[in-house]
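The values are calculated or read from the model by the stated rules, or taken from the named source; none is laboratory data. Only a predicted model underlies this, so the values are computations on that prediction, with no experimental measurement involved. With ideal geometry, Cβ positions are generated from the backbone for all residues, glycine too; neighbour counts draw on all protein chains shown.
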Amino acid sequence: MRKGFDKFIEKAIFACGLLAIVFVALIFIFLLIEGGSFFKEFSFLSFLSGKYWYPTSTPAQFGILALIAGSFVVTLGATVVAVPLGVMAALYIAEVAPAGIKDILKSGVELLAAIPSVVIGFIGMVTIVPLIRTTFNLSTGLSAFSGALMLAFMAMPTIVSISEDAIRAVPWAYKEGALALGATKWQTMYRIVIPAALPGIIAAVMLGIGRVIGETMAVMMITGNAAAIPQSLFDPVRTMTATIAAEMGETVKESSHYHALFAIGLVLFIITFTINFIADTYLRKVKK
Amino acid sequence: MIRLDPKRSQNIAFAILLIVTILIIVPVLLIIGVIVKEGYSAITWEFLTGMPKDGMRGGGILPAIVGTLSIVTCAICITLPIGVLAAIYLNEYAKDNLLTRIIKLSIVNLAGVPSVVYGLFGLGLFVMLLKFGVSIIAGALTLSIMELPVIITTSRQALNSVPYSFREASLSLGVSRWQTIAHVVLPNALPGIMTGAILSIARISGETAPILFTAAAFYVPRLPHSVFDQVMALPYHLYIISTQIPNMPKNITYGTALVLLVMVLTMSLTAIVTRYYFRKRKKW
């Protein structure tokens, strides 16, 4: 009786272990089927390289170049801001901060991770957006720049906590060796610790970028949602994620527009899959 | 070029690192502070227990609170057992082979899928194909898949931190593998698993994109009766009133944000404090 139950539960455990594979496969297959039927009517190349996204005009135009550009500009801006700041904060928390303060700072970073993106979006709308409009004298503060700033902030927990893990994983012997040779703590940090932790830091950056590309609500509320290729950082843009979120509610099910949004989802899935794969490769290096 | 004295350059570098860290932490406190200050006045008993009125510009947010609670409860009930069992498989049973590598890679990738893509998937599978319609259960299933990698990862860390000698002691007494896991490993890993679960609940309470097309409704002036009902949800409601409704009274928007924030942050803080407490108490 007990043996039978043991056998049953071990089978259930194995099945649950496999579920992650099942779900990744299911998501991919679903996007492929629903997005794939879009490419029966429209060519893949004109989808990727088309400059105009007019899904509801006749004839409808489904070019996502402007959306890709929007995602790219916002992501690039956020990365440029978030990476140096995040890595510096990780260094401080891992190597410099005294024990008591370390816990407080880490909790602070965790709190930031806990704030829902819709709340960040709302706060961005009432603070950053008007500030940027008046500072740079723009007609609207809803721009790629505002979005990039908020996203940089949102990517911070990922970058800080994973870099911090990588920095802490550097063997003590490395640091002791440098310190014994008379190097200061700071010299040890940037000559020894950072190079040794680099694979982990790269993984942190990749995961941060993945987070930024996939972010939806805050971006939709702050970037102005203009589906045009931005000429400057201060133009309103529209990202791929925001397009799906904003338009899916209003599409006719099984229409070309509906399938086009799934096709965008497929593009996003492939991008984030690649980024996570690279990040995972670097993380594996750290563990060795 | 002037060469800085190493001691001095260290002081300068550390000061810069400190400033940057403060620069990241202070906005967190500012965000919380602003929302508390501006939203505090909106919080009344009527606001928490009433129905929205005047096209959301007045009344309360009860249906949104109840909606979010029902979606989140369903989601965690689905994802927690599955996630813990999957973590047990990975930590206690899996051998270091190709299958295990593929599972781990799937978990990493599942964690990286954008939330709005989960929304698309939920729409395609649960709403359309399985015909659940836009409903609590469709939203909960979508969120449970999204949260699965997080539950698996945190539970696995908790299981992994139980010393190997505990298992050896039990196995050497002739106890079976599963009995050892159930009676020795799991109880010791429980605090870690629970912290992970609470953090997950906090995270999914604030998610908007996955429930946009699977569960959330613009306006439902009554409470849900079954899991197949469409509901209002707190994060979606905040999105609606802060972007779609003109002349929205400011304090109601801030009040809604405050309720959401308090919900999410109390849970996160509980998890952080519990973890800290158990880490200190641990004897091995």
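Against the numbered list (1) in a loop (DSSP other than H, G, I, E, B); (2) under 28 Å from B:Gly122 (Cα atoms), B:Gly174 comes up short only at (2). Every test in (1) surrounded by fewer than 20 Cβ atoms within 10 Å (Cβ to Cβ); (2) touching a helix residue (DSSP H, G or I) at 6+ places or on another chain (Cβ under 9 Å); (3) more than 11 Å from every other protein chain (Cβ to nearest Cβ) is passed by B:Gly174 save one, and that test is (2). Candidates are the residues of region B:235-284 that are over 22 Å from the mean Cα position of the chain (by Cα) and basic (Lys, Arg); the one that is nearest to the other protein chains (Cβ to nearest Cβ) is B:Lys250.
Results for (1) at pLDDT 95 or above; (2) closer than 16 Å to A:Ala20 by Cβ; (3) part of a helix (DSSP H, G or I), shown as yes or no for each residue.
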{"site": "B:Pro63", "(1), (2), (3)": "no, no, yes"}
{"site": "B:Cys77", "(1), (2), (3)": "yes, no, yes"}
{"site": "B:Ala87", "(1), (2), (3)": "yes, yes, yes"}
{"site": "B:Asp96", "(1), (2), (3)": "no, no, no"}
{"site": "B:Lys104", "(1), (2), (3)": "no, yes, yes"}
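Within region A:45-76, if we keep just the residues that are out of contact with any Gly (no Cβ under 6 Å at 6 or more places or on another chain), among the hydroxyl-bearing types (Ser, Thr, Tyr) and in a loop (DSSP other than H, G, I, E, B), the residue that is nearest to A:Leu266 (Cα to Cα) turns out to be A:Thr56.
Look at (1) within 7 Å of another protein chain (Cβ to nearest Cβ); (2) among the charged types (D, E, K, R); (3) over 30 Å from A:Trp186 (Cβ atoms) and you find that B:Lys7 fails only one, number (3). What about B:Val150, is it within 12 Å of chain A (Cβ to nearest Cβ), in contact with a Ser or Thr (Cβ under 7 Å, 6 or more places away or on another chain) and surrounded by fewer than 23 Cβ atoms within 10 Å (Cβ to Cβ)? Considered against the rule, which asks whether it is within 12 Å of chain A (Cβ to nearest Cβ), in contact with a Ser or Thr (Cβ under 7 Å, 6 or more places away or on another chain) and surrounded by fewer than 23 Cβ atoms within 10 Å (Cβ to Cβ), B:Val150 comes out as yes.
The lone criterion from (1) outside any loop (DSSP other than H, G, I, E, B); (2) within 14 Å of chain A (Cβ to nearest Cβ); (3) within 23 Å of the chain's Cα centre (by Cα) left unmet by B:Thr180 is number (3). Looking across region A:79-97 at every residue that is closer than 29 Å to A:Thr243 by Cα and within 14 Å of another protein chain (Cβ to nearest Cβ), the one that is surrounded by the fewest Cβ atoms within 10 Å (Cβ to Cβ) is identified as A:Val81.
Go over the candidates A:Pro195, A:Pro199, A:Pro236 one by one and state the one that is out of contact with any Leu (no Cβ under 6 Å at 6 or more places or on another chain) and closer than 27 Å to A:Phe72 by Cα. From the options A:Pro195, A:Pro199, A:Pro236, the qualifying one is A:Pro199. A residue that is surrounded by fewer than 21 Cβ atoms within 10 Å (Cβ to Cβ) and farther than 24 Å from B:Ile240 by Cα can be found somewhere in region B:27-49. Among the residues of this structure, B:Val117 does not count as one that is crowded, with 21+ Cβ neighbours inside 10 Å and either more than 9 Å from chain A (Cβ to nearest Cβ) or of a type in the set (Ser, Thr, Tyr) (or both). Quick one: is A:Thr243 at pLDDT 90 or above, facing chain B (nearest Cβ under 10 Å), over 25 Å from A:Val205 (Cβ atoms) and not in a loop (DSSP other than H, G, I, E, B)? For A:Thr243, the condition - at pLDDT 90 or above, facing chain B (nearest Cβ under 10 Å), over 25 Å from A:Val205 (Cβ atoms) and not in a loop (DSSP other than H, G, I, E, B) - is met. Selection within region A:134-160: residues that are touching a Leu at 6+ places or on another chain (Cβ under 6 Å) and under 14 Å from A:Leu76 (Cα atoms). The member of this set that is surrounded by the fewest Cβ atoms within 10 Å (Cβ to Cβ) is A:Phe145. Does A:Ile202 fit the bill of being surrounded by 17 or more Cβ atoms within 10 Å (Cβ to Cβ), more than 22 Å from A:Ile244 (Cα to Cα) and at pLDDT 90 or above? Yes; evaluated as a whole, the condition is true for this residue. When residues in region A:263-276 are screened for being among the hydrophobic types (A, V, I, L, M, F, W, C) and surrounded by fewer than 17 Cβ atoms within 10 Å (Cβ to Cβ), 1 of them pass. Out of region B:202-245, which residues are of a type in the set (A, V, I, L, M, F, W, C) and surrounded by fewer than 24 Cβ atoms within 10 Å (Cβ to Cβ)? Within region B:202-245, B:Ala202, B:Ala217, B:Phe218, B:Val220, B:Leu223, B:Val227, B:Phe228, B:Ile240, B:Ile241, B:Ile245 qualify. Only one of the listed residues (A:Ala279, A:Ala260, A:Ala246, A:Ala226) is buried (at least 22 other Cβ atoms within 10 Å of the Cβ) and over 18 Å from B:Leu110 (Cβ atoms). That residue is A:Ala260. Taken over region A:6-60, residues that are more than 8 Å from every other protein chain (Cβ to nearest Cβ), farther than 26 Å from B:Val150 by Cα and either among the aromatic types (Phe, Trp, Tyr) or crowded, with 17+ Cβ neighbours inside 10 Å (or both) amount to 11. Going through (1) at pLDDT 90 or above; (2) more than 30 Å from A:Ile9 (Cβ to Cβ) one by one, B:Ile272 falls short only on (1). When the helices (runs of 4 or more DSSP H) confined to region A:77-172 are screened for residues that are over 25 Å from B:Arg203 (Cα atoms), those reaching at least 2 such residues are found at A:99-114, A:128-135, A:144-168. Per the listing B:Arg203, B:Arg222, the residue uniquely within 30 Å of A:Thr241 (Cβ to Cβ), touching a residue at least 24 places away in the same chain (Cβ under 8 Å) and either within 11 Å of chain A (Cβ to nearest Cβ) or assigned to a loop (DSSP other than H, G, I, E, B) (or both) is B:Arg203.
Look at (1) away from every other protein chain (no Cβ under 11 Å); (2) surrounded by fewer than 19 Cβ atoms within 10 Å (Cβ to Cβ) and you find that A:Asp235 fails only one, number (2).
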